[in-house]
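Below is one structure, written out as structure tokens; comments come after it.
The values are calculated or read from the model by the stated rules, or taken from the named source; none is laboratory data. It should be emphasised that the depicted structure is a prediction, and the values quoted were computed from it without experimental measurement. Please note: Cβ atoms are built from the backbone with ideal geometry, for glycine as well, and neighbour counts cover all protein chains shown. Accessible surface is based on the protein model in full, side chains and every heavy atom, while ligands, DNA and RNA are left aside. Shrake-Rupley method; radii C 1.70, N 1.55, O 1.52, S 1.80 Å.
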Amino acid sequence: MARLGKRQPADTRGGPALKRALTTPLLYFFILGDVLGAGVYVLVGQVAADAGGAVWVPLAVALLLAMLTAGSYAELATKYPRAGGASHYATRAFGPFAGFVAGFCMLAAGIVSVAALARGFGGDYLSAFVTLPVGLVAVLFLALLALVNARGIKESTRANVVATVVEVGGLLVIVVLGGWLLLRGDGDVARLGQLGTPEKGAAAAVLSGSVLAYYSFVGFETSVNVAEETRDPRRSYPRALFGALATAGAVYVLVGIAASVAVPTDRLAESSGPLLEVVEAAGGVPTRLFSAIALVAVANGALLTGIMSSRLAYGMARDGLLPAALTKVLPGRRTPWAAIAVTTLLSMLLALTGSVATLASTLVLLLLVVFLIVNTAVLVLRRDPGEADEGAGHFRAPTVLPVLGIASCVVLATQIEAAVWLRGLLVVAVGTVLAAFAAVRGTAGGTDRGAGRDGSE
């Protein structure tokens, strides 16, 4: 009889498998492209409003905090290289109830993020070229991304490589412009040491700024859901993950330094396009060019988050936490078309209703809940040998990393406003209720449900 508890999920390797097509370089660009997403183009101004002129400090702190949880993901992704990510890890560690809650939080965050990016694509950046209804643009944009996603993981990640090069190129232009301003004597180096605001001391400024900056690094969660589609994930994944985070961290810190040197803190904090402020201050680069780069960044972030959401839904369905229909894959391309269709439709609905803005601020809180579960799960699963191939090992993070990762989630959560907590807890409550229904259904169905999921009917 199925019940809640530390039940191991059924072995589903007999079911339809996803195609292993990702090499280490493709995975590296996948992670880098997701981390260096649309957020960086608005992030600097928000961090400056909270932390003051020393924007680079909370960016560096956020990188270190992200590395802690990344260690847990590297261990679990190489130990269990399967789609499903945090949901699958929580299921193995704590049972299907916790797995459903973790997966639901991540899935909700992903779907909302894609919807928000779709609306962002149809907003001010696009209006630099053409003015169209935001809702119409969002729907067409999401439909196109779904087709790219369904065509294949290799095609999606190859498109990501091109987009990532464009994104990084745009950010490097900002770094060069900041250096140029300094050389011609128009920059202000003194702002780099101004930490804190009239309302906050230095410590509080670092913490609150780090919460905003932390969100910019959490794209690595997306990558664990494509570990099953990676060639030799136990070798490739840690290299790609830590390499991409280190690259993104270096770029972010340099962009923060350039923006702070080039633009007065108050002006930076008030701008919704802070990097455009740097371009305007330096001159020589058309602002429409930067709008185009921002559109590429938004599209790339939406594509990668859409891949994550669909693979997570597929993995949860394969673990029996969502309807089995979501495990359907295209016969030739082996992509989860049903999960892609459902997650895309939900994102379209959110984009059209305009409720994305009220949910977007809960993303960090939802991710902290997920990361808290993952950092705990890696410790609980230390005695489990995992799913290693014959003679293969897996990455093992030093025990201190997940412990510090748990602490970092708690500390960052204390910096989130009460209104955001209320919205986030409502989402978690919905996931908890749905998890309870799933548990009751599983108990009523008995253990023979697992047989159907692994193809042994």
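Could we say that Thr78 is in contact with a Lys or Arg (Cβ under 6 Å, 6 or more places away or on another chain) and either more than 26 Å from Gln415 (Cβ to Cβ) or of a type in the set (A, V, I, L, M) (or both) here?
Numbers: in contact with a Lys or Arg (Cβ under 6 Å, 6 or more places away or on another chain): yes; either more than 26 Å from Gln415 (Cβ to Cβ) or of a type in the set (A, V, I, L, M) (or both): yes.
Yes: the conditions hold for Thr78.
Could you go through the stretch 399-418 and let me know if any residue there is closer than 26 Å to Asp232 by Cα, at pLDDT 85 or above and either assigned to a loop (DSSP other than H, G, I, E, B) or open to solvent by 60 Å² or more (accessible area, probe 1.4 Å) (or both). So far as the stretch 399-418 goes, yes, one or more of its residues are closer than 26 Å to Asp232 by Cα, at pLDDT 85 or above and either assigned to a loop (DSSP other than H, G, I, E, B) or open to solvent by 60 Å² or more (accessible area, probe 1.4 Å) (or both). All conditions in (1) free of Cβ contacts under 8 Å to residues at least 40 places away in the same chain; (2) of a type in the set (A, V, I, L, M); (3) open to solvent by 70 Å² or more (accessible area, probe 1.4 Å) hold for Val189, with the sole exception of (1). Considering Ala54, Ala77, Ala38, the condition of being at pLDDT 80 or above, crowded, with 24+ Cβ neighbours inside 10 Å, outside any helix (DSSP H, G or I) and at negative phi is satisfied by Ala54 alone. Looking across the stretch 198-226, the residues that are open to solvent by less than 60 Å² (accessible area, probe 1.4 Å), under 23 Å from Asp266 (Cβ atoms) and under 29 Å from the mean Cα position of the chain (by Cα) come down to Ala202, Ala204, Ala205, Val206, Ser208, Gly209, Ser210, Val211, Leu212, Ala213, Ser216. Screening Leu195 with (1) in a helix (DSSP H, G or I); (2) closer than 28 Å to Leu363 by Cα; (3) open to solvent by 10 Å² or more (accessible area, probe 1.4 Å) gives one miss only, at (1). Would you check if there is a residue in the stretch 291-301 being small (Gly, Ala, Ser), open to solvent by less than 10 Å² (accessible area, probe 1.4 Å) and within 30 Å of Phe437 (Cα to Cα)? No. Looking only at the stretch 91-126, which residues are part of a loop (DSSP other than H, G, I, E, B) and over 28 Å from Ala439 (Cβ atoms)? Scanning the stretch 91-126 gives Gly122, Gly123.
Restricting attention to the stretch 127-140, and to residues there that are at pLDDT 85 or above and part of a helix (DSSP H, G or I), which single residue is nearest to the chain's Cα centre (by Cα)?
Filtering the stretch 127-140 for residues at pLDDT 85 or above gives 129-140.
Then drop every residue that is not part of a helix (DSSP H, G or I), which leaves 134-140.
Working: Val134: 24, Gly135: 24, Leu136: 25, Val137: 23, Ala138: 20, Val139: 21, Leu140: 23 Å.
The qualifying residue nearest to the chain's Cα centre (by Cα) is Ala138.
One line per residue, one yes/no per condition, for (1) part of a helix (DSSP H, G or I); (2) polar (S, T, N, Q); (3) in contact with a helix residue (DSSP H, G or I) (Cβ under 8 Å, 6 or more places away or on another chain):
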{"site": "Leu182", "(1), (2), (3)": "yes, no, yes"}
{"site": "Gly185", "(1), (2), (3)": "no, no, no"}
{"site": "Ala203", "(1), (2), (3)": "yes, no, no"}
{"site": "Val206", "(1), (2), (3)": "yes, no, yes"}
{"site": "Tyr237", "(1), (2), (3)": "yes, no, yes"}
{"site": "Phe242", "(1), (2), (3)": "yes, no, yes"}
{"site": "Val251", "(1), (2), (3)": "yes, no, yes"}
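Report whether or not Ala118 is touching a Leu at 6+ places or on another chain (Cβ under 7 Å), open to solvent by less than 40 Å² (accessible area, probe 1.4 Å) and at pLDDT 85 or above. Here the answer is yes, as Ala118 does meet what is asked. Just to be sure, is Leu321 more than 21 Å from Asn149 (Cα to Cα) and in contact (Cβ under 8 Å) with a residue 60 or more places away in the chain? It is true that Leu321 is more than 21 Å from Asn149 (Cα to Cα) and in contact (Cβ under 8 Å) with a residue 60 or more places away in the chain.
Within the stretch 407-438, the set of residues being touching a Gly at 6+ places or on another chain (Cβ under 9 Å) and either hydrophobic (A, V, I, L, M, F, W, C) or within 14 Å of Ser208 (Cα to Cα) (or both) comprises Ile416, Ala435, Ala438. In the stretch 332-341, the qualifying residues are those that are modelled with pLDDT under 90 and touching a helix residue (DSSP H, G or I) at 6+ places or on another chain (Cβ under 7 Å), and the one that is surrounded by the most Cβ atoms within 10 Å (Cβ to Cβ) is Thr335. For the stretch 149-175, filtered to residues that are open to solvent by 60 Å² or more (accessible area, probe 1.4 Å) and either out of contact with any helix residue (DSSP H, G or I) (no Cβ under 7 Å at 6 or more places or on another chain) or of a type outside the set (Asp, Glu) (or both), the residue that is modelled with the lowest pLDDT is Arg158.
For Thr344, the criteria (1) open to solvent by less than 20 Å² (accessible area, probe 1.4 Å); (2) β-branched (Val, Ile, Thr); (3) at pLDDT 80 or above hold in every case but one, which is (1).
The one condition from (1) at negative phi; (2) in contact (Cβ under 8 Å) with a residue 60 or more places away in the chain that Gly196 does not meet is (1).
If you go through the stretch 110-141 and keep only what is of a type in the set (Gly, Ala, Ser) and free of Cβ contacts under 8 Å to residues at least 12 places away in the same chain, you end up with Gly123, Ser127.
Mind checking whether some residue in the stretch 254-265 is touching a Lys or Arg at 6+ places or on another chain (Cβ under 8 Å), open to solvent by 10 Å² or more (accessible area, probe 1.4 Å) and within 30 Å of Gly71 (Cβ to Cβ)?
No, the conditions are met nowhere in the stretch 254-265.
Number of residues in the stretch 377-398 that are at pLDDT below 85, under 16 Å from Ser72 (Cβ atoms) and open to solvent by less than 40 Å² (accessible area, probe 1.4 Å): the value is 2.
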